[in-house]
Amino acid sequence: MPILANRIVRTFPKEMASQVPNGVLFELKRQYYDTASASNPTSLSALMSIVPNSQILFGSDFPFLSAGEPASDLVHSGLPESTVEGINRENALRLFGRLKM
């Protein structure tokens, strides 16, 4: 998404501007994103330049690809352990905690 953010902002239909009174980039920054196919340091860095790490959730392309690779990427990303734990579990718990069994 970070690579496309500027394009999305520039090409957003003018006739729909009233739907996003604070701007498209503002709305993109409010969203949550997962790490599916983007768990490498370059992609994570780009994503974290747009949103705080509290809005990043673990994701994989399972069942098409193993979840092990993105999990390993995160562990070896160089991010602080607390950030990795947030992405792997804590951010989702905060977001979906009311759904706990």
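For LEU99 and ASN22, FRET efficiency with R0 = 30 Å and r from the beta-carbon atoms, rounded to 0.05?
Between ASN22 and LEU99 the formula returns 0.55.
Report in % the part of the accessible area of the chain that belongs to carbon and sulfur, leaving out ligands and nucleic acids; probe 1.4 Å.
On the way: 4000 of 7080 Å².
About 56 percent, which is the carbon plus sulfur part of the accessible surface.
Working from Cα positions, state the angle (0 to 90°, nearest 10) between the long axis of helix 2-11 and the longest principal axis of the chain.
Taking Cα atoms only, the helix is inclined about 10 degrees.
Give the label of the value calculated from the structure for Rg/Rh (Cα atoms, Kirkwood Rh), choosing from (i) 1.03; (ii) 0.95; (iii) 0.99.
(i)
Looking at the chain as a GNM with Cα springs under 10 Å, which of LEU47, LEU79, LEU57 has the largest mean-square fluctuation?
Evaluated over the chain, the most mobile residue of the options is LEU79.
The values are calculated or read from the model by the stated rules, or taken from the named source; none is laboratory data. Not measured: the values here are computed from a predicted model. Note: ideal-geometry Cβ built from the backbone for every residue, glycine included; neighbour counts use all protein chains shown. Heavy atoms of the whole protein, side chains included, go into the accessibility calculation; ligands, DNA and RNA do not. Shrake-Rupley method; radii C 1.70, N 1.55, O 1.52, S 1.80 Å.
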